[in-house]
Amino acid sequence: MLETNPNSRLEAFCDGVFAIALTLLIIDIKIPSTEEINSTAEFWLALKHILPPVSAFILSFIIILITWVNHHNALKLGNKSSDSFIYANGFLLFTVVFMPFPTSLLGEYILTDHAAPAVILYESTMALQALGWILIVNAALKNNLGKSEKAILQIRKNGQFAYFAFALYALCAILAIWFPLSIAIITTISWIFWLIHGINIKQEEMY
């Protein structure tokens, strides 16, 4: 059978990486062995103590999920690939797989007096992910991978958003030195925008 989508193998590989990254997020979510649970009340208190890591897990799950949706829709804008495009995808996947580590730190330290390093690392990872999108867009435009003029226009828009995201999260990483909790909240709100952006990409797909 002829392969109708030249990017099908790349997309299948990327989907597998995204699935693994989503799974790894949950590994560190557990009640610490140091917690003493001798009653139902203490059990509820122990569950309350893991609310920050659970919240960080939910945020990062949503981030990776939206990234996967946007990545899936972005691949639909092209009808071929190139070496630079594949390597750019690899860099983006690196940032996705790395996400569980800063997520774990964020969940553990976000409500402490020394949350800044965790938030800085988290925001820096988001900035690197935006850089991955920039590399993907540049590779797609340089190698003329868009399937149509309309698709190329959408790829250019994706590039503009990627540069905006890089500037946003780089700035957030700096501001997190002084305002870690506020920056974490801003990051959460920003992903509502990326969800809307992913929906818009879907509407621009050309089949």
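Residue by residue through the range 77-86, note down the ones that are touching a residue at least 40 places away in the same chain (Cβ under 8 Å), open to solvent by 60 Å² or more (accessible area, probe 1.4 Å) and not polar (S, T, N, Q). Before you say what the answer is, go through the steps one by one.
Keep residues of the range 77-86 that are touching a residue at least 40 places away in the same chain (Cβ under 8 Å), which gives 77-82, 84-86.
Then drop every residue that is not open to solvent by 60 Å² or more (accessible area, probe 1.4 Å), which leaves 79-80, 86.
Lys80, Ile86, listed by residue number.
Filter the range 33-56 down to residues that are part of a helix (DSSP H, G or I), out of contact with any helix residue (DSSP H, G or I) (no Cβ under 6 Å at 6 or more places or on another chain) and within 15 Å of Leu111 (Cα to Cα) and give me whichever is least open to solvent (accessible area, probe 1.4 Å). Write out each step before concluding.
Initially, the range 33-56 is screened for residues part of a helix (DSSP H, G or I), giving 40-49, 51-56.
From what is left, the residues that are out of contact with any helix residue (DSSP H, G or I) (no Cβ under 6 Å at 6 or more places or on another chain) are 40-49, 51, 54-55.
Of the ones still in play, those that are also within 15 Å of Leu111 (Cα to Cα) are 48-49, 51, 54-55.
Details: Lys48: 130, His49: 96, Leu51: 98, Val54: 43, Ser55: 67 Å².
For the range 33-56, the residue satisfying everything is Val54.
Inspect all residues belonging to the range 124-143 and state whether any of them is open to solvent by 20 Å² or more (accessible area, probe 1.4 Å) and closer than 25 Å to Ser55 by Cβ. Write out each step before concluding.
From the range 124-143, those open to solvent by 20 Å² or more (accessible area, probe 1.4 Å) are 124, 128, 131, 133, 135, 138, 141-143; that's our starting set.
Among the residues that remain, those that are also closer than 25 Å to Ser55 by Cβ are: 124, 128.
Yes - at least one qualifying residue is present in the range 124-143.
Can you tell me how many residues within the range 125-183 are of a type in the set (Gly, Ala, Ser) and more than 21 Å from Asn7 (Cα to Cα)?
If we filter the range 125-183 for residues that are of a type in the set (Gly, Ala, Ser), which is where we start, we get 127, 130, 132, 139-140, 146, 148, 151, 159, 162, 165, 167, 170, 173, 176, 182.
Checking which are more than 21 Å from Asn7 (Cα to Cα) leaves us with 127, 130, 162, 165, 167, 170, 173, 176, 182.
Qualifying residue count, the range 125-183: 9.
Here is a yes/no grid of residues against (1) under 28 Å from Ile26 (Cα atoms); (2) under 15 Å from the mean Cα position of the chain (by Cα):
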| position | (1), (2) |
| --- | --- |
| Trp133 | yes, yes |
| Leu145 | no, no |
| Lys150 | no, no |
| Ala167 | no, no |
| Cys172 | yes, no |
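Please determine whether any residue of the range 34-56 is farther than 19 Å from Ala184 by Cα and in contact with a strand residue (DSSP E or B) (Cβ under 7 Å, 6 or more places away or on another chain).
Taking the range 34-56 and keeping what is farther than 19 Å from Ala184 by Cα, we get 34-48.
Those still in the list that are in contact with a strand residue (DSSP E or B) (Cβ under 7 Å, 6 or more places away or on another chain) too: none.
No, that holds for no residue.
So which residues in the range 133-175 are aliphatic (A, V, I, L, M) and in a loop (DSSP other than H, G, I, E, B), if there are any at all? Don't jump to the end; show me each part of the working.
Within the range 133-175, the first condition is being aliphatic (A, V, I, L, M), and the residues that meet it are 134-137, 139-141, 145, 151-153, 155, 162, 165, 167-168, 170-171, 173-175.
Leu145 - this is the single residue of the range 133-175 that is aliphatic (A, V, I, L, M) and in a loop (DSSP other than H, G, I, E, B).
The values are calculated or read from the model by the stated rules, or taken from the named source; none is laboratory data. All values derive from a computational prediction rather than experimental measurement. No Cβ is skipped: glycine too gets one built from the backbone with ideal geometry, and neighbour counts run over all protein chains shown. These accessible areas exclude ligands, DNA and RNA; they are computed on the full protein's heavy atoms, side chains included. Shrake-Rupley method; radii C 1.70, N 1.55, O 1.52, S 1.80 Å.
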